[in-house]
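The values are calculated or read from the model by the stated rules, or taken from the named source; none is laboratory data. Predicted model only: the values in this text are computed from it and were never measured. Cβ placement follows ideal geometry from the backbone for every residue including glycine, while neighbour counts extend to all protein chains displayed. Accessible surface is based on the protein model in full, side chains and every heavy atom, while ligands, DNA and RNA are left aside. Shrake-Rupley method; radii C 1.70, N 1.55, O 1.52, S 1.80 Å.
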Amino acid sequence: QAEIASRSIIRALCRPFYVQGNSMYIGATIGFASAPNDTCDAETLFRYADLALYSAKDEKRGICRSFEANMDAAAQAKIRLEIDFRKALHCGQLHIHYQPLVSLQTGEIECYEALLRWFDPVRGYVTPDTFVPLAEEMGLIDAVGRMVLQSACKEAKNWPKHVKLSVNVSPLQFRNGNLISTVVNALNAAELPPERLELEITEAVLMEKGQRPATIIDNLRGLGIGLSLDDFGTGYSSLSYLLNYPFTKIKIDKSFIRNIEHEAKSRAVIRAVIGLGRSLGLTVTAEGIESQSVADYLRN
Ligand code: MG
Ligand code: MG
């Protein structure tokens, strides 16, 4: 019955409404829970209905969903994950792994990309695909970003002078306004010259409205810091980004590299990006090389 009622509400609300000669569109998404099936506690019932609503909205607007027990389990699991992540951040359980970037001309390591890893005693390795969005949602991404920059710069100070450090930056770090001071402080504290640092950003940073990201990028570049366009080839990969921002490096997304041996189309994309990089005077990096044959192909 609740489902039938929900559907008719949704239908009724998705018709256009006429207000002062304009047609206006609204809509509804509905989640519901029922007693006594789901619970007999009123407060829990409302919470369950909310969970059903979130689940419906996640899936598609304009639909209805009834509560299912696994929605509560998923919500509880997320809360536990949040608590554990906060603990991990404050107790130093997040570690940085350093992925080498090797010159295909000389075979020498030129740079290391700092990659944050979370090893949880119970869950094992939690992937960044899970904890980075979580940190963003929890408002912790600035603290996480600061920690990574500080530790990685300190580490990089011990490397040979020609080896650079590359650090990934989240679009949210551009929004909050203290990215430049975070970077400068980390460099100063480690006594690392700005020329040895590269920041990797994705186009999501550039899609933000307004001048803000451009100003920050120009300032960072002005300090001598390198700028990589990460995961290139996925998303919109608008070429105007390469013209309008002072990038120093393009990183071809690993999905193209992974298919290099079986897919002529991936090879064509890679050739095109290398040509583009060369014409624009940018370094081109391929992500995720795992075999000698792929390295050889790319070198050629
Ligand atoms: Mg990266
Ligand atoms: Mg990448």
**OP:** Any residue in region 15-30 that's in contact (Cβ under 8 Å) with a residue 24 or more places away in the chain: show its pairings with residues that are open to solvent by 60 Å² or more (accessible area, probe 1.4 Å) and among the β-branched types (Val, Ile, Thr) at Cβ separation under 7 Å, as long as the two are six or more apart or on different chains.
**Re:** ALA28/ILE9; ILE30/ILE9
Original post:
Hey, among the residues in region 188-208 that are small (Gly, Ala, Ser) and closer than 17 Å to LEU223 by Cα, which one's farthest from ligand 1 (Cβ to nearest atom)?
Top reply: ALA189
Subject >> Index of the failed condition, LYS254 passing every other in (1) modelled with pLDDT of 90 or more; (2) more than 27 Å from MET147 (Cβ to Cβ); (3) within 18 Å of the chain's Cα centre (by Cα) >> reply: (2)
Original post:
Failed condition for LEU187, given (1) out of contact with any strand residue (DSSP E or B) (no Cβ under 9 Å at 6 or more places or on another chain); (2) away from ligand 2 (no atom under 15 Å from the Cβ), with all others met?
Top reply: (1)
Original post:
Got a number for residues in region 102-130 being open to solvent by less than 70 Å² (accessible area, probe 1.4 Å), of a type outside the set (Ser, Thr, Tyr) and without any contact (Cβ under 8 Å) to a residue 60 or more places away in the chain?
Top reply: 11
**OP:** Would you tally the residues in region 214-238 being within 14 Å of ligand 1 (Cβ to nearest atom), of a type in the set (S, T, N, Q) and modelled with pLDDT under 95?
**Re:** 1
Subject >> Selection within region 131-172 - part of a helix (DSSP H, G or I), open to solvent by less than 40 Å² (accessible area, probe 1.4 Å) and touching a Phe, Trp or Tyr at 6+ places or on another chain (Cβ under 9 Å) >> reply: PHE131, LEU134, ALA135, VAL144, ALA152, ALA156
Subject >> Unmet requirement for ARG175, which otherwise passes all of (1) at pLDDT 95 or above; (2) of a type in the set (Lys, Arg); (3) open to solvent by 30 Å² or more (accessible area, probe 1.4 Å); (4) out of contact with any Lys or Arg (no Cβ under 6 Å at 6 or more places or on another chain) >> reply: (1)
Original post:
Which residue pairs have Cβ atoms closer than 6 Å, lie 6 or more positions apart in sequence or on different chains, and pair a first residue in region 196-219 that is closer than 16 Å to ASP230 by Cα and open to solvent by less than 10 Å² (accessible area, probe 1.4 Å) with a second residue that is more than 16 Å from ligand 1 (Cβ to nearest atom) and among the hydroxyl-bearing types (Ser, Thr, Tyr)?
Top reply: ILE217/TYR245
**OP:** Mind listing just one residue for me: the one in region 91-101 that is modelled with pLDDT under 95 and exposed (fewer than 12 other Cβ atoms within 10 Å of the Cβ) and, of those, nearest to ligand 2 (Cβ to nearest atom)?
**Re:** GLY92
Original post:
Which of the following residues is more than 23 Å from ILE225 (Cβ to Cβ) and away from ligand 2 (no atom under 16 Å from the Cβ): LYS265, LYS254?
Top reply: LYS265
**OP:** Check whether at least one residue in region 38-50 is touching a Gly at 6+ places or on another chain (Cβ under 7 Å) and in a loop (DSSP other than H, G, I, E, B), and report yes or no.
**Re:** no
